[in-house]
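One structure below.
The values are calculated or read from the model by the stated rules, or taken from the named source; none is laboratory data. Model, not experiment: these values are computed from the prediction. Heads up, the Cβs are rebuilt from the backbone with ideal geometry, glycines too, and the neighbour counts pull from every protein chain shown.
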Amino acid sequence: MRTRIVNGVEVTTSSGNVFADLGLPDAEKLKMKSGLMIEITKAVRRLDLTQEEAGRRMGLPQPKVSALLRGDFTNLSERKLMECLNRLGYDIEITVKPAADAVGHMTLAVA
């Protein structure tokens with residue numbers, strides 16, 4: 001992160017991962033899960049599904065759908081979130097390649 005002064009105000013440029021910027025553990029995992037959750041929310045809206053209908057399609061009870069659409073994905077794994085997207089009509093591709101740095105990172109690219 002880089003800090004600079006803009007109009008007398010100290011501004012810190014984000015690293016691109018708000019979870020890492022906040023110092024949260026498992027920041028890469030949280031970023032991935034939040035991106036998947038955002039896509040699920042978009043899909044539910046695009047398909048004009050009720051929470052009950054979305055739950056049936058995704059294999060989740062309505063209260064979990066409600067929590068997910070409010071941004072609570074704490075009890076859902078990345079795998080389950082990807083499965084939900086599959087059931088909503090999304091293809092998911094995972095690409096693995098050597099990292100430029102000693103430690104790699106995860107990226108979610110949405111087409």
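Structure data summary
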quantity: Helices (runs of 4 or more DSSP H) wholly inside the stretch 13-96 that include at least 2 residues being among the charged types (D, E, K, R) and closer than 24 Å to ALA111 by Cα; calculated: 27-46, 78-87
quantity: Selection count where residues are under 16 Å from the mean Cα position of the chain (by Cα) and either closer than 17 Å to LEU88 by Cβ or of a type outside the set (D, E, K, R) (or both), scope the stretch 23-63; calculated: 17
quantity: Among the residues listed as THR95, THR50, the single one being surrounded by fewer than 15 Cβ atoms within 10 Å (Cβ to Cβ) and either touching a Lys or Arg at 6+ places or on another chain (Cβ under 9 Å) or modelled with pLDDT under 95 (or both); calculated: THR95
quantity: Scope the stretch 100-111; condition of a type in the set (Gly, Ala, Ser), surrounded by fewer than 10 Cβ atoms within 10 Å (Cβ to Cβ) and either within 21 Å of the chain's Cα centre (by Cα) or not in a loop (DSSP other than H, G, I, E, B) (or both); matching residues; calculated: ALA109, ALA111
quantity: Of all residues making up the stretch 69-96, the number that are small (Gly, Ala, Ser) and touching a helix residue (DSSP H, G or I) at 6+ places or on another chain (Cβ under 8 Å); calculated: 2
